[in-house]
């Protein structure tokens, strides 16, 4: 049985399954020193996930996917995978890299955000929205305009005591619905389907830049409407970010992580500017919205709508 080493999301990972999506983060054989100790192991074994309902405690998350296998995440240190007979490895990977990785981060007390992120002049700009809010489509549009993708779907944030919050790059791919691909002039026929959701596909992104973490320069909460950028402050910023940026809030609650997670989110929005970014749902209006956003970043013209500041006591 082979073993692959990855440095992903700030963690040393040792996996018994090859993860092509993490290839940019693979530690070359022979370069890891003798003291290289994995912080997270991905193993093939007997995952305790026999029932139809998942098991969720602060230190265990177990579930079974019919036709795929059982998965058990323990103490943020181990992801056990028990494949069903004749299941292909590619069917296991979405559950490992999604539910498994996210749950392991939660168990370790790490902050993950449901967002897409692109690099802008050495900083990471995060885009958060509820499901269907178009954060991946916007990231694809920005990628076509020359901006480098940092992460899509799950962003691992490092709230270090000194300096700005940092975001770790993730697998260089975007998950887009078939209709979004069509509007972008693409087809999902030659792409990897998302095994969790019919009609969604994985769009690989070539040319991802550095695998080093970047400082978070801003958070944009996506809404539909006339192109506009509005700053959000105080409790409103916290509440709206919590609603738009939390990955699987019921999992956070069931793990007993609500208080700690909320404190991390409060820390993040107090240290990073939060803005609302409105753009047209129809891609016909996308160029105007993207122009406003890039002008806002460059400072060429005022990008924000004056006098539109949301705040709550």
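The values are calculated or read from the model by the stated rules, or taken from the named source; none is laboratory data. Since the structure is predicted, the reported quantities are computational estimates derived from the model, not experimental observations. Neighbour counts run over all protein chains shown; Cβ positions are idealised from the backbone, glycine included.
Mind checking which residues of segment 116-139 are in contact with a helix residue (DSSP H, G or I) (Cβ under 6 Å, 6 or more places away or on another chain) and under 17 Å from residue 171 (Cα atoms)?
Answer for segment 116-139, where residues must be in contact with a helix residue (DSSP H, G or I) (Cβ under 6 Å, 6 or more places away or on another chain) and under 17 Å from residue 171 (Cα atoms): 116, 118, 127, 137.
Given 293, 242, 283, which one is assigned by TED's automatic domain parsing to the domain that holds residue 160, modelled with pLDDT under 95 and touching a helix residue (DSSP H, G or I) at 6+ places or on another chain (Cβ under 6 Å)?
On the way: 293 fails: touching a helix residue (DSSP H, G or I) at 6+ places or on another chain (Cβ under 6 Å); 242 fails: modelled with pLDDT under 95.
Among 293, 242, 283, only 283 is assigned by TED's automatic domain parsing to the domain that holds residue 160, modelled with pLDDT under 95 and touching a helix residue (DSSP H, G or I) at 6+ places or on another chain (Cβ under 6 Å).
Looking at segment 77-96 only, could you name the residues that are assigned to a helix (DSSP H, G or I) and crowded, with 17+ Cβ neighbours inside 10 Å?
Matches in segment 77-96: 92, 93, 94, 95, 96.
Out of everything in segment 145-164 that is in contact (Cβ under 8 Å) with a residue 24 or more places away in the chain, over 16 Å from the mean Cα position of the chain (by Cα) and within 17 Å of residue 290 (Cβ to Cβ), what residue ends up being surrounded by the most Cβ atoms within 10 Å (Cβ to Cβ)?
This residue is 147.
List the helices (runs of 4 or more DSSP H) that sit entirely inside segment 222-298 and contain at least 3 residues that are buried (at least 19 other Cβ atoms within 10 Å of the Cβ).
Filter on segment 222-298 gives 234-245, 258-271, 286-298.
In segment 97-112, is there at least one residue being in a strand (DSSP E or B) and either modelled with pLDDT under 95 or surrounded by fewer than 18 Cβ atoms within 10 Å (Cβ to Cβ) (or both)?
Among the residues of segment 97-112, not one is in a strand (DSSP E or B) and either modelled with pLDDT under 95 or surrounded by fewer than 18 Cβ atoms within 10 Å (Cβ to Cβ) (or both), which makes the answer no.
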